[in-house]
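Accompanying notes for the structure given below.
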Amino acid sequence: MTERTRPLNFIEQRIEADLRDNKISKVMTRFPPEPNGYLHIGHAKSICLNFGLAEKYQGECNLRFDDTNPAKEEQEYVEAIQEDIKWLGFQWNGEVRYTSDYFDQLHEWAIYLINEGKAYVCDLSPEEAREYRGTLTEPGRNSPWRDRSVEENLSLFEKMRNGEFNEGDCSLRAKIDMASPNMNMRDPVLYRIKKARHHQTGDKWVIYPSYDFAHGQSDAIEGISHSLCTLEFEDHRPLYDWFIENLPTPSRPVQIEFSRLNPNYTITSKRKLKLLVDEGHVESWDDPRMPTISGMRRRGYTPRAIRNFCEAAGVTRSLGITDVGMLEYAVRDDLDKNAPRAMCVLRPLKIVLTNYPEDKSEELSAPGHPNRDDLGERTLPFSREIYIDQDDFREEANKKYKRLVLGKKVRLRNAYVIEAQEVVKDEQGNIVEVHCHCDMGTLGKNPEDGSKPKGVIHWVDAKSHLNCQVRLYDRLFTEEAPGAGGKDFLESLNPNSLEILENCKAEIGLAEATLNDHYQFEREGYFILDSKRGSREYPVFNQTIGLKDTWEKADKD
């Protein structure tokens with residue numbers, strides 16, 4: 001379904017109504033990641049939504065880092081997030097923004113609330129505060145320090161600001177309603193003491209605003225019209241609105257919630273993803289098995305495929321699980337249309353064409369893509385010795401086996417028909433070489449005797465080829481819901497998620513491959529050069545995805 005024909009989602013309906021009713025003059029959205037990890041596929045949906053809506057309605061989208069917790073944030077994440085957004089094809093409005101840009105204003109607004117009698121310094125420890133907060137079925141209790149005077153609160157807050165208290169000694173809380181059925185309204189924390197150096201502000205602050213206090217006010221400062229977030233923040237919306245209503249903010253943004261993207265066979269918790277990295281279950285945040293945007297980029301997923309997937313997943317308020325097969329389909333569909341073809345033998349078996357002249361070598365021609373004339377032709381060296389895949393030969397086989405068998409014929413893709421005549425084995429009985437007859441009159445033709453080859457197999461010239469490493473990837477988890485039912489999600493790790501094959505044989509033209517080139521290795525799958533491994537002389541190719549969904553049948557069995 002195209003952008004033009006699909007019905008408007010509920011957020012688009014709201015935006016169009018607000019524009020029509022002159023509630024807003026311009027659509028302003030923002031993407032507000034916390035720089036405490038790399039972005040994953042769930043963030044891709046939010047990126048596509050926020051930037052996509054701004055594009056659709058000729059508005060603007062800000063990139064604002066929610067950097068209110070310096071203990072967990074790093075500049076590495078800031079830079080990686082910017083790279084991911086650009087790679088997906090989006091550009092933010094103006095300069096990169098940070099919540100820390102507004103720390104002075106937020107501090108002033110905290111003092112404003114104290115002066116209004118709507119905030120107080122509380123000496124309860126974090127443990128005591130949780131006890132006083134109550135439960136979902138029982139109201140909370142007022143803090144013993146809730147009724148401090150404005151003057152005392154101002155003095156204590158200034159001491160907090162000056163670093164005269166230790167972490168956990170006290171906090172600044174909003175004075176709302178400890179009996180509210182909404183737990184978020186029970187005197188939430190506005191500021192807590194955290195004596196950590198900040199990656200943007202250095203040592204200027206030893207108190208930092210909470211997410212709830214900083215987020216809506218940052219939206220208001222930037223003139224955001226629609227603050228889009230996932231459904232877990234729905235219960236925070238009354239607090240978001242309370243701050244806007246009780247502070248002299250320059251604008252009044254509205255918060256709208258949508259369902260987050262939850263693909264099966266996938267973990268999207270940054271805490272758990274970080275654990276995978278820290279414990280060495282994967283090599284890094286951009287490991288090609290990771291559901292991070294950088295990992296998918298390194299694996300060979302394309303921005304267009306990810307954007308198409310996010311569009312297909314839709315924007316609703318319904319909680320549910322999205323089949324990761326939809327993402328894999330989007331990747332296959334994009335690469336099938338756009339990836340040039342090449343041949344690579346993953347598990348080489350030497351073939352000797354006994355009747356082909358030893359001193360002869362020729363150049364055959366093959367299309368760069370079967371349906372893309374603009375991708376031209378490629379040249380394939382051909383000589384007496386070639387490689388085929390070990391799985392493409394058997395000494396004996398039933399009629400269902402459509403590859404090379406002793407005494408049978410098969411066509412080499414874009415080349416000749418050959419017939420297997422003899423095998424050569426080592427001392428252990430392993431086949432190391434197959435001697436074949438080459439029908440020299442079958443280049444682009446069927447055999448003159450009317451016989452039909454059993455199938456078509458790929459090959460690579462033994463004299464002129466590229467040695468390479470190929471890394472085959474599978475899903476990182478074997479279960480649809482890793483960690484469900486209280487189970488340790490690490491127990492669902494797929495022990496076969498990576499297979500490394502050395503000394504694979506690729507057609508020589510792949511020596512010119514660059515990092516952004518995608519290829520379909522014919523009969524094998526889609527591949528891309530690894531951005532961190534290999535060399536021009538011995539490149540490493542990552543498998544992006546197989547030609548077919550091997551999980552679909554397994555899921556049904």
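The values are calculated or read from the model by the stated rules, or taken from the named source; none is laboratory data. Here the structure is a predicted model, which means the values were calculated and not measured. Counting neighbours? That spans all protein chains shown, and the Cβs are built from the backbone with ideal geometry, glycine included.
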Any residue at all in segment 495-508 that's surrounded by 13 or more Cβ atoms within 10 Å (Cβ to Cβ) and either modelled with pLDDT under 95 or of a type in the set (D, E, K, R) (or both)? yes
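Could you look through segment 264-282, keep only residues that are assigned to a helix (DSSP H, G or I) and either of a type in the set (A, V, I, L, M) or closer than 18 Å to VAL324 by Cβ (or both), and pick out the one that is nearest to the chain's Cα centre (by Cα)? Before the answer, list the steps.
Filtering segment 264-282 down to residues assigned to a helix (DSSP H, G or I) leaves 270-278.
Those left that are additionally either of a type in the set (A, V, I, L, M) or closer than 18 Å to VAL324 by Cβ (or both): 272-273, 275-277.
Details: LYS272: 15, LEU273: 12, LEU275: 17, LEU276: 15, VAL277: 15 Å.
Residue satisfying both the conditions and the ranking: LEU273.
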As an exercise: evaluate ARG523 against (1) part of a loop (DSSP other than H, G, I, E, B); (2) within 21 Å of the chain's Cα centre (by Cα); (3) at pLDDT 95 or above and give the number of the one condition it does not meet. (2)
Just to be sure before I move on: is GLY117 within 15 Å of ALA174 (Cα to Cα), touching a Lys or Arg at 6+ places or on another chain (Cβ under 8 Å), not hydroxyl-bearing (Ser, Thr, Tyr) and not in a helix (DSSP H, G or I) in the structure I sent? yes
Answer yes or no: is there a residue in segment 283-296 that is in a helix (DSSP H, G or I), crowded, with 21+ Cβ neighbours inside 10 Å, in contact with a Leu (Cβ under 7 Å, 6 or more places away or on another chain) and assigned by TED's automatic domain parsing to the domain that holds LYS505. yes
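Residue-wise test of (1) part of a helix (DSSP H, G or I); (2) in contact with a Phe, Trp or Tyr (Cβ under 6 Å, 6 or more places away or on another chain).
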| site | (1), (2) |
| --- | --- |
| LYS159 | yes, no |
| PHE165 | no, no |
| ASP169 | no, no |
| SER180 | no, no |
| ARG192 | no, no |
| LYS204 | no, no |
| TYR208 | no, no |
| GLY216 | yes, yes |
| ASP219 | yes, no |
Residue that is surrounded by the fewest Cβ atoms within 10 Å (Cβ to Cβ) [pool: residues in segment 37-75 that are of a type in the set (D, E, K, R) and modelled with pLDDT of 95 or more]: LYS56
Quick one: how many residues across segment 425-478 are closer than 26 Å to LEU510 by Cβ and acidic (Asp, Glu)? 3
Looking at this structure, is VAL324 within 26 Å of LYS274 (Cβ to Cβ) and modelled with pLDDT of 95 or more? yes
Out of segment 305-332, which residues are more than 21 Å from ASN9 (Cα to Cα) and either surrounded by fewer than 19 Cβ atoms within 10 Å (Cβ to Cβ) or in the same structural domain as ILE47 (by TED's automatic domain parsing) (or both)? GLY325, TYR329
Is one or more of the residues making up segment 340-356 out of contact with any Lys or Arg (no Cβ under 6 Å at 6 or more places or on another chain), assigned to a loop (DSSP other than H, G, I, E, B) and either more than 27 Å from ARG471 (Cα to Cα) or of a type in the set (Val, Ile, Thr) (or both)? yes
